[in-house]
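So the structure is just underneath, and the comments pick up after that.
The values are calculated or read from the model by the stated rules, or taken from the named source; none is laboratory data. Just so you know, these numbers come straight off a predicted model, no measurement behind them. Heads up, the Cβs are rebuilt from the backbone with ideal geometry, glycines too, and the neighbour counts pull from every protein chain shown.
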Amino acid sequence: MKNFKLDNEPKIKSGFKAPDEYFSTLTDTVLEQLPKQKPKVVPFYRKRPVWLSAAAVFIMFIAIGLLLQKNTTTVEPDVASIENYLVYQYNEYDLYQSLDATDIQELEQNIASGNVSNEAIENYITEQNNYDIYLIE
């Protein structure tokens with residue numbers, strides 16, 4: 001292979017040549033071609049009004065409240081159902097289970113001390129007009 005050195009070879013002149021003083025006047029000519037009015041700058045983040053955010057939060061609270069709302073309607077039993085339950089299904093053990101320790105102690109003290117008499121119980125039952133109560137003797 002033949003040794004090739006760039007320094008020894010003749011230089012080829014390029015066919016392109018920049019006009020005289022082209023680079024010194026380039027900035028002035030480019031600035032002259034730009035539009036004279038300033039362009040409108042649109043920010044990436046626009047500040048929304050406070051009332052819009054407050055309305056969105058209010059709507060979210062209402063929606064969450066409606067989703068979490070439980071059906072709270074209750075049906076009251078009629079008098080006949082209560083009487084049938086008390087007569088046929090309710091016993092002393094159920095009453096004892098529904099009372100806590102302090103209630104039981106108070107009942108025992110009242111019965112032991114004689115504060116509750118049969119006459120007081122009968123008077124209380126006869127004064128109650130809400131339910132028909134049958135006394136079994």
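Do we find a residue being charged (D, E, K, R) and either modelled with pLDDT of 75 or more or surrounded by 10 or more Cβ atoms within 10 Å (Cβ to Cβ) (or both) anywhere in the stretch 39-56? Scanning the stretch 39-56, I find at least one residue that is charged (D, E, K, R) and either modelled with pLDDT of 75 or more or surrounded by 10 or more Cβ atoms within 10 Å (Cβ to Cβ) (or both), so the answer is yes.
Among the residues of the stretch 57-70, are any over 18 Å from the mean Cα position of the chain (by Cα) and at pLDDT 85 or above? If you could, list the steps in order and put the result at the bottom.
So the first thing to find is which residues in the stretch 57-70 are over 18 Å from the mean Cα position of the chain (by Cα), and the list is none.
No: the stretch 57-70 contains no residue that is over 18 Å from the mean Cα position of the chain (by Cα) and at pLDDT 85 or above.
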